[in-house]
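Read the structure below first, then the notes.
The values are calculated or read from the model by the stated rules, or taken from the named source; none is laboratory data. Since this is a predicted model, take the numbers as computed values, not measurements. Virtual Cβ from ideal backbone geometry, glycine too; neighbours counted across all protein chains shown.
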Amino acid sequence: MVKILAVDDHPIFRKGLVGLIKDEVQDCDISEAENGAEAIDMLNTSKFDFLILDIDMPEKSGIDVLDFIKANNVETKTIILTMHNDELFFNEAFNRGAVGFLLKEDSSIEIIECLERVEKGKPFVSKKLMSYLENRSAFNEEMSRIKSAIMSLTKSEMNTLKLVAQNKTSKEIGELLFVTEKSVENYRSRICKKLDISGGSNSLFKWCVKNKELIK
């Protein structure tokens, strides 16, 4: 008997996924959870061969669940099933132990193949994301560089960066941080130097939009 836990906060999608797997996989027992917190509770009390996990959920995210699994050495094969076609999410999931990554738009076509591959100990990703898999080493190296650079920011620079991410002007940032507009411009200049950002005056904001998950 193959035991599967499907975790997704959209009940219609979750029910459809469960029905599809039941139709295609013989001798399987599928349980459901509607958020990450409920999934962690179930992983604490039951053992599952496969965990099919959304990323963006209330209470606890899919990343939180992956962290719990890793910290507690939970034995299960985790497949991420999400609508987010995002290289950062993709790599964060694999770095935390996921062995499969599917886009919801392709799940009805690829989920069974994914389960079969993962059961054999092989990773599986949606065909649309193969370039992410091939680029993992270079991407992780770049993310490591960026995270190190963010850690090097002073408190004032970090506060400035967070406000730039909210599209605040230098004048507005100065008023919020109780410093002069010139001080803010100096903070911005030092941030750009540390993060290796070049270009026009809007380059830092564009960087923040692209890397918003890193500066929360």
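Quick notes on this structure:
- Single unsatisfied condition, D56 versus (1) assigned to a loop (DSSP other than H, G, I, E, B); (2) of a type outside the set (F, W, Y); (3) farther than 23 Å from G19 by Cα: (3)
- Pairs where the first residue, in region 35-62, is of a type in the set (K, R) and the second is surrounded by 14 or more Cβ atoms within 10 Å (Cβ to Cβ), C-beta under 7 Å, 6+ apart: K47/K3; K60/N35; K60/G36; K60/A37; K60/I40
- If you go through region 124-165 and keep only what is surrounded by fewer than 12 Cβ atoms within 10 Å (Cβ to Cβ) and of a type in the set (A, V, I, L, M), you end up with M130, A138, M151.
- Any chance K122 is under 30 Å from K15 (Cα atoms), outside any helix (DSSP H, G or I) and charged (D, E, K, R): yes
- Restricting K47, K77 to those that are basic (K, R), buried (at least 16 other Cβ atoms within 10 Å of the Cβ) and over 25 Å from K212 (Cα atoms) reduces the list to K77.
- Of all residues in region 16-40 being in contact with a strand residue (DSSP E or B) (Cβ under 8 Å, 6 or more places away or on another chain) and part of a helix (DSSP H, G or I), the one that is nearest to I63 (Cα to Cα): G36
- Some residue of region 72-95 being farther than 28 Å from R136 by Cα and outside any helix (DSSP H, G or I): no
- Scanning region 177-216 for residues that are hydroxyl-bearing (S, T, Y), at pLDDT below 90 and closer than 29 Å to H84 by Cα yields a count of 1.
- Residues in region 130-149 that are within 16 Å of the chain's Cα centre (by Cα) and not small (G, A, S): Y132, L133, R136, F139, N140, M143, K147.
- Options S183, S107, S131, S148; residue that is in contact with a strand residue (DSSP E or B) (Cβ under 7 Å, 6 or more places away or on another chain) and assigned to a helix (DSSP H, G or I): S107
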